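The block underneath contains the structure these notes are about, expressed in structure tokens.
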Amino acid sequence: MDLHFLDAVPEDAEREAVDAVLGPPDSGWDGGTRHASDLRFAEGGHVARGRRDLLLPALHAVNDRVGWISRAALDYICRRLTIPPAEAYGVATFYAMFALERRPRRVVHVCTDIACAAKDSASLCAQMRERAGGPGGDDGEFTWHESPCLGLCERAPAAVSLQAGDPPRYSVAAPARAGEIIPEPGEVPAGDTPAAPAADGHGAPGDSHGPPLGGGRPQRRTTFSPDTLPGPAPEPPPHAAVPQAGDPDLVLLRRIGVVDPTSLDDYRANGGYAALREAMRLGPSGVIREVADSGLVGRGGAAFPTGRKWDATAKRPETPRYVICNADESEPGTFKDRVLMEGDPFAVVEALTIAGYANNAAVGYIYIRGEYPRALWLLENAVELARERNLLGTDILGSGFDFDIEIRRGAGAYICGEETAIFNSIEGLRGEPRSKPPFPVERGVFGKPTAINNVETLVNVLPIVLHGGPAYASVGTGRSTGPKLFCVSGAVERPGVYEVPFGADLRALMEMCGGAGTGPDGAQRLPRAVLLGGAAGGFVRGDELDIPLTLEGARDAGATLGSGVILVLDDDVDLTAILVRIAAFFRDESCGQCVPCRVGTVRQEEALVRLSRETGARDTDLALLREVGDAMRDASICGLGQTAWNAVESAIDRLGAFGPQEESTR
Amino acid sequence: MSTPVAIGTPRRLVEATVDGRQVRVPEGSTILDACESVGTDVPTLCYGDTLTPRNACRVCVVEVEGARTLVPACSRRIEDSMSVATDSERVRHSRKMVLELLGSSVDLSTTPGIAEWNERYDARPERFGPRAEPATMGERDARRAGEHTVGDGTTAETVEQPVKDDNDLYVRDYGKCIMCYKCVDACGEQWQNTFAIGIAGRGFDAGVSTEHDLALPDSACVYCGNCIEVCPTGALMFRSEYEMRQEGTWDEEKQSQTTTVCTYCGVGCNVTLHVQENEIVKVTSPHDNPVTHGNLCIKGRFGYQHVQQRRRD
């Protein structure tokens, strides 16, 4: 491959950042200094090209260190990995968190998505505009953007600040105030300044560059400094998002608030790694049998039976096989996986190890969204500690089973939560979904059989293995077995992650979270609407609280549980503005591959803007929305386009968002 | 002289129905192949006969009994006892919407077949409202993933922008681009292995681009023109054709096509010369050529000027 590079020389910091991921270059052939001896041999690019999957980590490394990806830096990455620059540019521009133009080191992401919009993110943005100019502006110190859901819905409105450096630092402000997320003049360093050592020693310079890991590549132990940026109040501990924390009847959330999420010893003292031992006693097929018997179905939204997925993957003749933990939780209103990863990170690592064992996989990936710096930090720490204790690596627990976990960080793309888009993202391609068939169990990441599961799904495997599939299946109703997490946010007294056995109805859950508060007359208020299942789900009316929160119950009611979002809207909320926001979300997050979704989401937004401003012909626009929506649902490649009209449709039909409709429109 | 004939591995026949008619096609055939075998016309835009289907445009969708969503005929393999409907109400609706969504956002004036399909599916792209003003040069390329300004809904946004005219051989009019990915595949690993272009950006703002939107002469482009060969909409166009269209002299009725052998080297690629009024106006290559599959190099594609330039002395 005769690649054409630019003659741009990377800065030292850029080169260092890339080399920290890829190791130093061997010769002039892969981007190092050219010596006379290089001319005596030609190293094939095959070895470098085989590491294409390191493109995303390398882009992150530069973006984390310098704050943006210059032409020279992209060029250097391309030389190192033998990637055509046009392709790497296509990958870098796919992700919202990468900048290809110079920008300040500090970037503040202000969430304006549904849950935050319902908590008046608009006035937060107005204050930001007033004090710091419009989004994307640059005052030299920082820049800010309006962001899709940051997964901090229980503390809306939220903002996450990321600051490039060595190491990069972050802060989470929720609820956020403009005053605390705008840095003081001079607060953001102009150049590379190592962060002050953190109190717990993790951030100390001597400590932070651990021994070379992963094939001799020097790596920091964690990506972000645990020493968060000054400004907002310290982030509350993960269990603050779990109102039931400490309840002994909990299954999935049992350890949250009970164990120290940074301590492997504490995890083991609280029953950690008992499930892996039990799994090894059962053997791979035994684990799959228990999971199949449990009736566990995927908790990411599609509700596919996990046992069937694993069985199909494990039976494939091709090797190596892979397991992936889908931690790209980006559905607006969803934050359960964040709470699991932050509160009980070792459980995620242990569960993925069991999945790897059951499917006889060699490598597991945790693909975590880029907007979760604390969860990333805790997972990196957990994987590292597990590796040190031989709970990952070769011959785990003396069983002869070899398995390791790599953490991959997304960079701001909702679509990468789609299972086949994750594969492309991990492989260093644009995160565009693939067409199915072939399904992941046949041809997944790197073209090999892959079992991909959501974080919550995997965590369910621990009690299944420990107590047996039938015991698990005895909880719940019909096809909906076991406990389920719900992400309650919006106009409720106690938002947070709730664990209930399948079978409770919406009213019961509303009671658990204190309901929608009381009105001026002291009576319990009924919510105006509840969004079930996130932006890809649908609205139900506030008087439909009898809907059972089971897969069948929701389906019979014409709704979906999706990823477990329960976003409560009261009368103060401008529903049409929320609908325009949902349409804008899908337009922003469409990968752009297929016509129905790429253009359909634009036309949907335009029609909703007209409807909300009452500037068009109402009936024509409603009919237009329906026609576009039907085509998106029927003809899009992936679930994003297929569901992009769900919430809008339900708001029109169920909530009467734009007034009553004539029967003839259908 | 006897030449060996490759017969390939014998393939099992698959039996299925297309619109109620029995079809028997070799295993591994696509639904599109099966439709063609019984003479059922399926519109295609992003499908390329020499490329791996991307099934991005979704105009070829058909209804397969039992499937939740429609499936792309160009890439889905036909299976035993599959029942395919190519003209059901669902199919007609989605095809109509795809044509309308494309027609309202892209300049399809040089896309063959569009007028006929619009009529067949009763597609009226203009019903999304008046078209928005085209973007200025570079504006679309500079947009960031995941960000856009919500408009007022009075106009239908389009991908239209000025023509990229940065070299002597061909022009890129991305206002006509339907994002079929064919040029990227032809430039990349499927044929040319030059990788001068890729898909950049995301969503509605995604587009075909060189790295950092460099001009073609600064990019890896080798001017093989294989991207022009596969472009279904005229977004990529010979400069000669582009200029003649501008002048209003382009007239396909007056053109003749002559397939001959390129004289530059010993490979023997076939070139099809399109001649209007005794002048070569563009060069294509037969896709069924077993060696080159429609691909040429810069010499075969663009090196024809010597034929029509006489020495003046």
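The values are calculated or read from the model by the stated rules, or taken from the named source; none is laboratory data. Every value quoted in this text rests on a predicted model; they were computed, and no experiment measured them. Note that each Cβ is placed from the backbone with ideal geometry, even for glycine, and that neighbours are counted across all protein chains shown. Each accessible area value is taken on the protein alone, full model and side chains, heavy atoms only, with ligands, DNA and RNA left out. Shrake-Rupley method; radii C 1.70, N 1.55, O 1.52, S 1.80 Å.
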Worksheet, complete the sentence: Filter the stretch A:245-295 for residues that are part of a loop (DSSP other than H, G, I, E, B) and in contact with a strand residue (DSSP E or B) (Cβ under 7 Å, 6 or more places away or on another chain); the one that is most open to solvent (accessible area, probe 1.4 Å) is A:VAL251
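So which residues in the stretch B:144-185 are at positive phi and either touching a strand residue (DSSP E or B) at 6+ places or on another chain (Cβ under 8 Å) or open to solvent by 40 Å² or more (accessible area, probe 1.4 Å) (or both)? Write out each step before concluding.
Initial filter on the stretch B:144-185 (at positive phi): B:146, B:153, B:179, B:181.
B:MET179, B:TYR181 - these are the residues of the stretch B:144-185 that are at positive phi and either touching a strand residue (DSSP E or B) at 6+ places or on another chain (Cβ under 8 Å) or open to solvent by 40 Å² or more (accessible area, probe 1.4 Å) (or both).
Of A:LEU551, A:LEU622, which residue is more than 10 Å from every other protein chain (Cβ to nearest Cβ) and either at pLDDT 95 or above or open to solvent by less than 20 Å² (accessible area, probe 1.4 Å) (or both)? Write out each step before concluding.
Working: A:LEU551 fails: either at pLDDT 95 or above or open to solvent by less than 20 Å² (accessible area, probe 1.4 Å) (or both).
One residue alone meets the criteria, A:LEU622.
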Fill in: Neighbours by Cβ (under 7 Å, 6+ apart or cross-chain): first from the stretch B:208-237, away from chain A (no Cβ under 14 Å); second surrounded by fewer than 23 Cβ atoms within 10 Å (Cβ to Cβ) and part of a helix (DSSP H, G or I)
B:GLY225/B:PHE302; B:GLY234/B:LYS176; B:ALA235/B:TYR174; B:ALA235/B:LYS176
Item to complete: Name the one entry in A:SER480, A:SER425, A:SER489 that is touching a strand residue (DSSP E or B) at 6+ places or on another chain (Cβ under 8 Å), open to solvent by less than 50 Å² (accessible area, probe 1.4 Å) and within 14 Å of chain B (Cβ to nearest Cβ).
Response: A:SER425
Practice prompt. Under 8 Å between Cβ atoms, at least 6 apart or on separate chains: pull out the pairs that start in the stretch B:132-143 with a residue that is closer than 21 Å to B:LEU101 by Cβ and open to solvent by 80 Å² or more (accessible area, probe 1.4 Å) and end on any residue that is in a loop (DSSP other than H, G, I, E, B) and not basic (Lys, Arg).
Written response: B:GLU133/B:THR155
Discussion item. I want to confirm something. Restricting to the stretch B:17-41 and keeping residues that are part of a loop (DSSP other than H, G, I, E, B) and over 23 Å from A:PRO438 (Cα atoms), which single residue is nearest to the chain's Cα centre (by Cα)?
Written reply: B:ASP41
Item to complete: State the number of residues belonging to the stretch A:631-642 that are buried (at least 24 other Cβ atoms within 10 Å of the Cβ) and either within 17 Å of A:PHE439 (Cβ to Cβ) or more than 8 Å from chain B (Cβ to nearest Cβ) (or both).
Response: 4
Discussion item. For the stretch A:128-169, which positions are of a type in the set (Lys, Arg) and either open to solvent by less than 20 Å² (accessible area, probe 1.4 Å) or under 20 Å from A:PRO332 (Cβ atoms) (or both)?
Written reply: A:ARG155
Fill in: Failed condition for A:GLN163, given (1) under 30 Å from A:LEU531 (Cβ atoms); (2) among the polar types (S, T, N, Q); (3) away from chain B (no Cβ under 12 Å)
(1)
Worksheet item: over 29 Å from A:PRO189 (Cβ atoms), surrounded by fewer than 22 Cβ atoms within 10 Å (Cβ to Cβ), at pLDDT below 95 and touching a Pro at 6+ places or on another chain (Cβ under 6 Å), is that true of A:GLY45?
Response: no
Item to complete: Report whether or not A:THR615 is of a type outside the set (Phe, Trp, Tyr), surrounded by fewer than 24 Cβ atoms within 10 Å (Cβ to Cβ) and at the interface with chain B (Cβ under 7 Å from one of its Cβ atoms).
Response: yes
Worksheet item: Tell me, which residue of the stretch B:186-200 that is in contact (Cβ under 8 Å) with a residue 40 or more places away in the chain and surrounded by fewer than 24 Cβ atoms within 10 Å (Cβ to Cβ) is nearest to the other protein chains (Cβ to nearest Cβ)?
Response: B:GLN192
Item to complete: Any chance you could count how many residues in the stretch B:48-84 are more than 11 Å from chain A (Cβ to nearest Cβ) and open to solvent by less than 30 Å² (accessible area, probe 1.4 Å)?
Response: 8
Discussion item. With the structure loaded, tell me whether A:TYR95 is farther than 30 Å from A:GLY533 by Cβ, within 13 Å of another protein chain (Cβ to nearest Cβ) and of a type in the set (Phe, Trp, Tyr) or whether it fails that test.
Written reply: no
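I need the strands (runs of 3 or more DSSP E) fully contained in the stretch B:200-294, keeping only those with at least 3 residues that are of a type in the set (A, V, I, L, M, F, W, C).
It comes to B:236-238, B:270-276, B:279-284.
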Fill in: Which numbered condition B:ARG143 fails, given (1) over 23 Å from the mean Cα position of the chain (by Cα); (2) within 7 Å of chain A (Cβ to nearest Cβ)
(2)
